Ligand code: UTP
């Protein structure tokens, strides 16, 4: 038998199991990973081999074949229609809140924060949730959410279980953050910090596996759809705790309304399998995915996947037809995504995410402003087309959406802080406090209200009955 050329040059390692794994990577046309083997120190060789053992190469090759090597992934999305959604003034909303509160009070709803992303665009070292967002105290995103949960628990007289999804690249730091900050006052037994899975990151043109440093493979989390697999893994334990529904939100939206009883109530009253919040998009170029109806199923179509004509289409009222923008707050029926009896787990499709990352390839550091890597990710909202019963519920953008995505400019800490200032000053004015606002609705005094104090204008008004505010300077309520 003729020995393939690449095998003749294959590096030799002592351990037969290591040799077998090296051979697999040569066979899969990933031999570039060993091009600088001779220059690596023995510790680097060991870590590189250990990383290679952790890769499911057959699965990765299938992804490369399906997405990078084939044109199938480019197929356009079938003609969408605007979705049916429950708008802000819809009378169906009245009366459901009590049902939501009761389910929360029985401990049937857990909150899941997806925080496994790498946050390339923000560029903050460490987990995005540890970003000190608030203008006076420097309170972090993690602390804001922990305080919201504490307020809710006090109101309900019942603990809410909080799941935090991390990824291998930020898991240890997140756990350490919460330990160091004593879980921001939450009982540690009610906080589960769990990691999603990861996949190797690739060169977008050649499908070559990249390295984060000479002796390490560059891995990336497998998308926020990893939350579905995590919930499937955890489903037995969650059921044992009496949890039946999961309320998910993203770590980078400080206005995400955690465990909104109205959303939970609508979900339950309609026996929905997957219920989502949406805000009305007014700018066709805003880069958020939109909810659409395709056939009899709902789905989210990403900004880049929506045809320009659909993006700009308007209804009789002059509003964008496809305006139900996804803010990634969902209530998910646990039995639907992880049926107790089902043998095979519900599968989500993979998408490509291109990002700019510094990495080691071809014997040198590679860096670029433009995306220079591709990773495979699943998205949580891809559950939607699998649902027979789903709901989309409109939320007020000013109350519920101010994401922190970029370091500067649109959707940055500055815009997010400004949205918080606007909202909190509105609450203060409703409570009778005198504030001067500029033309953008920003107050002349810096304002900060801890989620422990209030989650809406009515709660703030009640709190202020016994509190005297300073007559000038910043207003900090905690
Ligand atoms: P983004 O899509 O904004 O990605 O995530 P990102 O990794 O945080 O940031 P960039 O794109 O590199 O700048 C939206 C939400 O989904 C979570 C993030 O933590 C954020 O809450 N996410 C994303 C995960 O939990 N896991 C992932 O694999 C990806």
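Odds and ends about this structure:
- Of everything in the range 139-158 that is exposed (fewer than 15 other Cβ atoms within 10 Å of the Cβ) and in contact (Cβ under 8 Å) with a residue 24 or more places away in the chain, the residue that is nearest to the ligand (Cβ to nearest atom) is 158.
- Some residue of the range 336-357 being touching a residue at least 60 places away in the same chain (Cβ under 8 Å), assigned to a strand (DSSP E or B) and away from the ligand (no atom under 16 Å from the Cβ): no
- The residues of the range 202-249 that are within 16 Å of the ligand (Cβ to nearest atom), part of a loop (DSSP other than H, G, I, E, B) and surrounded by fewer than 18 Cβ atoms within 10 Å (Cβ to Cβ) amount to a single one, 204.
- You will find that of 459, 439, the residue that is surrounded by fewer than 14 Cβ atoms within 10 Å (Cβ to Cβ) and either outside any loop (DSSP other than H, G, I, E, B) or away from the ligand (no atom under 16 Å from the Cβ) (or both) is 439 and no other.
- Extreme residue, surrounded by the most Cβ atoms within 10 Å (Cβ to Cβ), among residues of the range 106-138 that are more than 13 Å from the ligand (Cβ to nearest atom) and free of Cβ contacts under 8 Å to residues at least 60 places away in the same chain: 132
- Once the range 359-381 is narrowed to residues that are touching a helix residue (DSSP H, G or I) at 6+ places or on another chain (Cβ under 9 Å) and farther than 30 Å from residue 339 by Cα, the residue that is farthest from the ligand (Cβ to nearest atom) is 363.
- Failed condition for residue 333, given (1) within 16 Å of the ligand (Cβ to nearest atom); (2) modelled with pLDDT of 95 or more; (3) under 21 Å from residue 113 (Cβ atoms): (1)
- Residues satisfying the criterion are absent from the range 399-412 (criterion: within 30 Å of residue 217 (Cβ to Cβ) and more than 13 Å from the ligand (Cβ to nearest atom)).
- Among the residues of the range 191-201, those that are within 15 Å of the ligand (Cβ to nearest atom) and either surrounded by fewer than 18 Cβ atoms within 10 Å (Cβ to Cβ) or assigned to a strand (DSSP E or B) (or both) comprise 192, 193, 194, 195, 197, 198, 199, 200.
- Counting only helices (runs of 4 or more DSSP H) that sit completely within the range 85-190, those holding 1 or more residues that are closer than 30 Å to residue 407 by Cβ and out of contact with any helix residue (DSSP H, G or I) (no Cβ under 9 Å at 6 or more places or on another chain) correspond to 141-156, 171-180.
- Tally, over the range 250-300, of residues that are within 16 Å of the ligand (Cβ to nearest atom), more than 28 Å from residue 314 (Cβ to Cβ) and assigned to a loop (DSSP other than H, G, I, E, B): 6
- Checking 384, 428, 391 one by one, the residue that is closer than 30 Å to residue 219 by Cβ, surrounded by 20 or more Cβ atoms within 10 Å (Cβ to Cβ), modelled with pLDDT of 95 or more and more than 13 Å from the ligand (Cβ to nearest atom) is 384 and no other.
- Residue match in the range 402-412 (condition: surrounded by fewer than 20 Cβ atoms within 10 Å (Cβ to Cβ) and under 16 Å from residue 442 (Cβ atoms)): yes
The values are calculated or read from the model by the stated rules, or taken from the named source; none is laboratory data. Bear in mind that the values here come from a model prediction, so they are computed numbers and not experimental data. Heads up, the Cβs are rebuilt from the backbone with ideal geometry, glycines too, and the neighbour counts pull from every protein chain shown.
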